[in-house]
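Taking it in order: structure first as structure tokens, then the write-up.
The values are calculated or read from the model by the stated rules, or taken from the named source; none is laboratory data. Quantities reported herein were computed from a predicted structural model and do not represent experimental measurements. Glycine gets a Cβ as well: all are built from the backbone with ideal geometry, and neighbour counts include every protein chain shown. What goes into the accessible areas is simple: the full protein's heavy atoms, side chains included, and nothing from ligands, DNA or RNA. Shrake-Rupley method; radii C 1.70, N 1.55, O 1.52, S 1.80 Å.
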Amino acid sequence: MQHPTLALIGFGAFGRLTARLLAPHCRILICDPSETACEAARRAGLTPVALPEVAAADIVLLCVPVPQLGQTLSALAPHLRPGQLIADVASVKSAPAALMQNLLPDHVDLLATH
């Protein structure tokens with residue numbers, strides 16, 4: 001059985017923890033605008049990708065700070081394909097869930113977590 005592909009958008013503390021815990025169970029892609037974060041991903045044996053390449057992932061996990069969520073979702077939306085699961089790890093739920101519902105296409109599945 002082939003492991004699913006998980007794209008982590010944001011490779012800060014939470015993204016790094018998630019990658020370390022899920023790497024045995026998923027193929028991990030990292031998308032972060034910071035070259036420092038991408039270099040950390042490479043050192044960890046992970047693959048940094050540009051935002052359009054996130055479309056290759058089965059699951060997209062948003063690991064960005066809540067103030068950056070709206071901008072990230074708007075940039076991400078055109079690259080998503082039908083059937084992808086998009087989840088967030090924000091510590092608050094109402095606003096991030098509403099942003100995902102309002103800014104992402106209807107053809108993706110949403111999961112508000114954390």
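What accessible area, in Å² to the nearest ten, does a 1.4 Å probe give for Ser34?
Rounded to the nearest 10, the figure is 50 Å².
Once you wrap a convex hull around the alpha carbon atoms of the range 1-94, what is its projected area averaged over all directions, in nm²?
Working: hull surface 24.8 nm².
Approximately 6.2 nm², given one-decimal rounding.
Mean-square fluctuation check for the chain, GNM, Cα pairs under 10 Å: which of Gly45, Gly70, Gly15 is largest?
Ranking Gly45, Gly70, Gly15 by mean-square fluctuation puts Gly45 first.
Mean separation of Cα pairs under 8 Å and 6+ residues apart, divided by the residue count of the chain: what relative contact order is that in percent?
Details: 197 pairs, mean separation 27.4, N = 114.
Reported as a whole number, the value is 24 percent.
Between Arg27, Arg42, Arg81, where does the largest GNM mean-square fluctuation fall for the chain, given springs only between Cα atoms within less than 10 Å?
The residue with the greatest mean-square fluctuation here is Arg42.
Taking a probe of 1.4 Å, how large is the accessible area per residue of the chain, in Å²?
Values: 6110 Å² over 114 residues.
Solvent-accessible surface per residue comes out at 54 Å².
What percentage of the solvent-accessible surface of the chain, computed with a 1.4 Å probe over protein heavy atoms, is contributed by carbon and sulfur atoms?
Within the chain, the accessible surface is 59 percent carbon and sulfur.
Under Stokes-Einstein, with the Kirkwood radius over Cα pairs standing in for Rh, what whole-number D in µm²/s applies to the range 64-114 at 20 °C and 1.002 mPa s?
Details: Rh = 10.9 Å.
Diffusion coefficient, whole number: 197 µm²/s.
R0 = 25 Å: FRET efficiency of Ser91 with Leu111, Cβ-based, nearest 0.05? If you can, show how the numbers build up before the last one.
Working: r = 15 Å, r/R0 = 0.61.
For Ser91 and Leu111, the calculated efficiency is 0.95.
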